[in-house]
Amino acid sequence: MTYESITVTPLTPTIGGEISGVDLTKPLSNQQVDELHAALADRLCIFFRDQPISHDDHKRFTNYFGGAHIAPSTAPWRVPGHDEVTIIHADKDSTFVAGEDWHTDMACDAEPPMGSVLYLHTVPPQGGDTLFSNMYAAYDALSDRMKAYLDGMTAMYDSIVGFGGKTPEGMKLPRSSHPVIRTHPVTGRKAIYANRGYTTYIEGVPAAESRAVLDFLFQHVQHPMFQCRFTWRPNSIAFWDNRCSQHMAIWDYFPNTRSGFRIQVLGDKPV
Ligand code: SIN
């Protein structure tokens, strides 16, 4: 890829790119927006440093990619007056953090977000990295026999997994049927979509077979060959494509504080 209005420095050959040459506290030019779309398609997750953005800056940035996806299940963590913005926070009083296992965001929704834009203003002295894994590479690494077996299969994606398998009283948890392997609407490439954070069973096969195949896939997608690891600094931003990557947040910094805001970007029904 060649870029004229931004600079993209790859993190690994497979995934991740650090972007420089943009100031996200200000509106971007059309060329910058086009090149960021290209960088996201090429690198799957892109990172920015030294961007002390406001909620309005954060929303303007996501609008360049289609606007905000407001997931019903984020209601308890929304910023008052900014429904699009979810608080991502952990400190000495936390008993759990968001996204501690491999997943792609809100796969339980009928139309999951295409991406997520996470801004952290406060980070621990060490730790709190986020891992990202390339689901095209994970799909490409399967045998042709396994690809043929999985293509066309669907699975249940259920937010109950994040609640430890129990529906909290008074809540109706979202769940949706989606493909196990999805085709990216922009690149046309196939990617593994089944993920440990949401996928409960493959439809149309015996339970034991579904369990064995999912366990294989969950293990397979976390191979280090497919990954990059992003180390946060204050005022960093990560923007990842949920349609072709999975990620997990590492909570190795207790009792320190890690804090910021996330907006998810509108997507469509996986096919
Ligand atoms: C998430 O899964 O959206 C949170 C990721 C993180 O906190 O690094």
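The values are calculated or read from the model by the stated rules, or taken from the named source; none is laboratory data. It should be emphasised that the depicted structure is a prediction, and the values quoted were computed from it without experimental measurement. Here the Cβ is made from the backbone with ideal geometry for all residues, glycine too, and neighbour counts use every protein chain on show. Areas reflect the complete protein model, heavy atoms only, side chains present, ligands, DNA and RNA absent. Shrake-Rupley method; radii C 1.70, N 1.55, O 1.52, S 1.80 Å.
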(request) Can you work out which of the residues in segment 43-57 that are more than 14 Å from the ligand (Cβ to nearest atom) and surrounded by 15 or more Cβ atoms within 10 Å (Cβ to Cβ) is nearest to the chain's Cα centre (by Cα)? (result) LEU44
(message) Can you confirm whether PHE216 is at negative phi and either within 12 Å of the ligand (Cβ to nearest atom) or open to solvent by less than 60 Å² (accessible area, probe 1.4 Å) (or both)?
(response) no
(request) Would you mind finding the one in CYS228, CYS244 that is within 16 Å of the chain's Cα centre (by Cα), of a type outside the set (D, E, K, R) and either more than 15 Å from the ligand (Cβ to nearest atom) or open to solvent by 20 Å² or more (accessible area, probe 1.4 Å) (or both)? (result) CYS244
(message) Filter segment 58-95 down to the residues that are under 11 Å from TYR119 (Cα atoms) and open to solvent by less than 20 Å² (accessible area, probe 1.4 Å) and list them by number.
(response) HIS58, VAL85, THR86
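Can you find even one residue in segment 74-91 that is more than 26 Å from THR2 (Cα to Cα), among the basic types (Lys, Arg), touching an Asp or Glu at 6+ places or on another chain (Cβ under 9 Å) and away from the ligand (no atom under 11 Å from the Cβ)?
Checked segment 74-91: at least one residue is more than 26 Å from THR2 (Cα to Cα), among the basic types (Lys, Arg), touching an Asp or Glu at 6+ places or on another chain (Cβ under 9 Å) and away from the ligand (no atom under 11 Å from the Cβ).
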(message) Among the residues in segment 150-166, are any under 13 Å from the mean Cα position of the chain (by Cα), within 16 Å of the ligand (Cβ to nearest atom) and of a type in the set (Phe, Trp, Tyr)?
(response) no
(request) Considering only residues that are touching a residue at least 40 places away in the same chain (Cβ under 8 Å) and open to solvent by less than 30 Å² (accessible area, probe 1.4 Å), look in segment 1-35 and name the one that is nearest to ILE263 (Cα to Cα). (result) LEU24
(request) Looking only at segment 176-189, count how many residues are basic (Lys, Arg) and either farther than 16 Å from GLU111 by Cα or surrounded by fewer than 16 Cβ atoms within 10 Å (Cβ to Cβ) (or both). (result) 1
(message) When the residues of segment 122-136 are narrowed to those that are surrounded by fewer than 22 Cβ atoms within 10 Å (Cβ to Cβ) and more than 10 Å from the ligand (Cβ to nearest atom), which ends up nearest to ASP268 (Cα to Cα)?
(response) TYR136
(request) Select from segment 97-121 the residues that are open to solvent by 20 Å² or more (accessible area, probe 1.4 Å) and away from the ligand (no atom under 12 Å from the Cβ) and list them in ascending order. (result) ALA110, GLU111, HIS121
(message) Checking LEU142 against (1) open to solvent by 40 Å² or more (accessible area, probe 1.4 Å); (2) at pLDDT 95 or above; (3) away from the ligand (no atom under 13 Å from the Cβ): exactly one of these is not met. Which one?
(response) (1)
(request) Give ILE192, ILE237, ILE202 a once-over and let me know the one that is open to solvent by less than 20 Å² (accessible area, probe 1.4 Å) and closer than 14 Å to THR104 by Cα. (result) ILE192
(request) Please enumerate the residues belonging to segment 58-105 that are within 16 Å of the chain's Cα centre (by Cα) and among the hydrophobic types (A, V, I, L, M, F, W, C). (result) PHE65, ALA68, ILE70, ALA71, VAL85, ILE87, ILE88, VAL97, ALA98, TRP102
